[in-house]
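Read-outs: derived from the displayed coordinates by stated rules, not from any lab. This is a predicted model, so every value here is computed, not measured. Here the Cβ positions follow ideal geometry from the backbone for every residue, glycine too, while neighbour counts run over all protein chains shown.
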Amino acid sequence: MMSFSVAVASLLGLCVCLLLISPAVSLTCTSQTLKSNHKFDQCLDLPTLDSYLHYSYNATNSSLSIAFVAPPAKPEGWVAWAINPTGQGMAGAQALLAFKSNSKVVVKTFDVSSFSSITESKLSFETWDLSAEATSNGNLVIYGSMKVAEKADKLNLVWQVGGQVTDNKPQMHDFQPKNLKAKDTLVLEKVTSSPTSPSPSTAQAPEEGGQSPIKSTPEEGGQSPIKSTPEKGGQSLIKSNHLALFFGLLLFIAAVFHS
């Protein structure tokens, strides 16, 4: 019969394995793979609705390129990401909204003037390269670039998910705490000037998957309330966790056979 000490060692080894499995396989923004022609400088694990934001900000031409990743509330539902130029929260938000239509994922622009008035229309700022896709794990991804206010240092973000689309119109989302908390402030970061950076006011909108983004430099003394993570940082963390998992498994196997 297995001794008490060996049983304890085995149990500890198993606990180590279970603890290490979680961060290694759990989805974070740095472990996500987007389209090969979409590269971003930073990414965020948004605090609610299992949502993620990949982005690059170019201060030279005051433009923001994003990929927003989230699962709709139901497979036939929708996801939305928005900037609110006038305040915090949903009312007044300028939204990009994606859903499946005839087996394709489409993205549309909505002016959310109030909770009862959601109108498909052009936004109050210029947008280009809008597209969307579905992933194999049920997420919808919104891609897009947009003009932001010149010398802006922060943006009011809102995101949301819903469970139904009727006649290409998104239906009301839930009002659970996780839905009501889907807003935050993004502190923008300065980037190095580049003569090849496209400017919406002086050049045509770049083709989908255009030039690679400029490497950003964190603003001195400033950080986003939502923790921003460089895109390159994720793989090393996952590899480290896999290595620790391997040694944890060896510990467990050794304890079992030692009995």
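Can you tally the lysine pairs in the range 42-187 where the Cα-Cα distance is under 14 Å and the two residues are eight or more apart, or on different chains? Close lysine pairs under the 14 Å cut-off: 7. Rounded, prolate or oblate, given the Cα gyration tensor of the range 42-187, with a/c below 1.5 counting as rounded? Cα axes put the range 42-187 in the rounded bin.
Loop-located chymotrypsin sites (Phe, Trp or Tyr not before Pro) in the range 107-172 (DSSP state not H, G, I, E or B) with no more than 13 neighbouring Cβ atoms inside 10 Å: F115.
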